[in-house]
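Student: I am attaching a structure below and will ask some questions about it afterwards.
Values in this text are rule-based calculations from the coordinates and carry no lab data. No experiment lies behind these values; they were computed from the predicted model shown. Cβ atoms come from the backbone with ideal geometry, glycine included; neighbour counts cover every protein chain shown.
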Amino acid sequence: MLKVDEEKCIGCGHCEATAPNTFEMVGGKSHVKNPKGDPKEFIEKAVRECPVNAITLR
Ligand code: SF4
């Protein structure tokens, strides 16, 4: 399950830039719009590179 912790998200937009069909910025926070929107490696990269570790995939 792919999830963004909105409390942690600082709205940098990196996850949306990395996996644009999966994440969407809404009101300055990232949301999952489609958990399988992009190839797995892009989603994993977004999870790994979030500067505040706000995204979890399990
Ligand atoms: S990369 Fe992390 S901090 Fe940046 S918008 Fe995505 S969830 Fe938020």
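Student: Under a point spin-label approximation (7 Å from Cα along Cα-to-Cβ), what is the LYS8-THR56 distance to one decimal in nm?
Tutor: 0.8
Student: Okay, next question. Apply the Karplus parameterisation 6.51 cos²θ - 1.76 cosθ + 1.60, with θ equal to phi minus 60°, to every residue of the stretch 2-18 and state each ³J(HN,Hα) to the nearest whole Hz, in sequence, with x for glycine and proline.
Tutor: Running phi through 6.51 cos²θ - 1.76 cosθ + 1.60 with θ = phi - 60° gives 9, 8, 10, 7, 5, 5, 8, 4, 9, x, 6, x, 5, 5, 5, 5, 7 Hz.
Student: Let me check I've understood the local charge: for ILE10, count other residues with C-beta under 15 angstrom from its C-beta, Lys and Arg +1, Asp and Glu -1. What total comes out?
Tutor: Numbers: positive: LYS8, LYS29; negative: ASP5, GLU6, GLU7, GLU16, GLU49.
Taking every other residue near ILE10 into account, the sum is -3.
Student: Right, another one. Considering the alpha-carbon set of the chain alone, what are its Rg and its Dmax in angstrom?
Tutor: 9.6, 26
Student: Another question about this same structure. Please list, ordered by chain and number, the residues whose modelled amide H lies under 5 Å from the amide H of SER30; skip anything fewer than 5 residues away on the same chain.
Tutor: Sorted by chain and number, the residues that satisfy this are GLY11.
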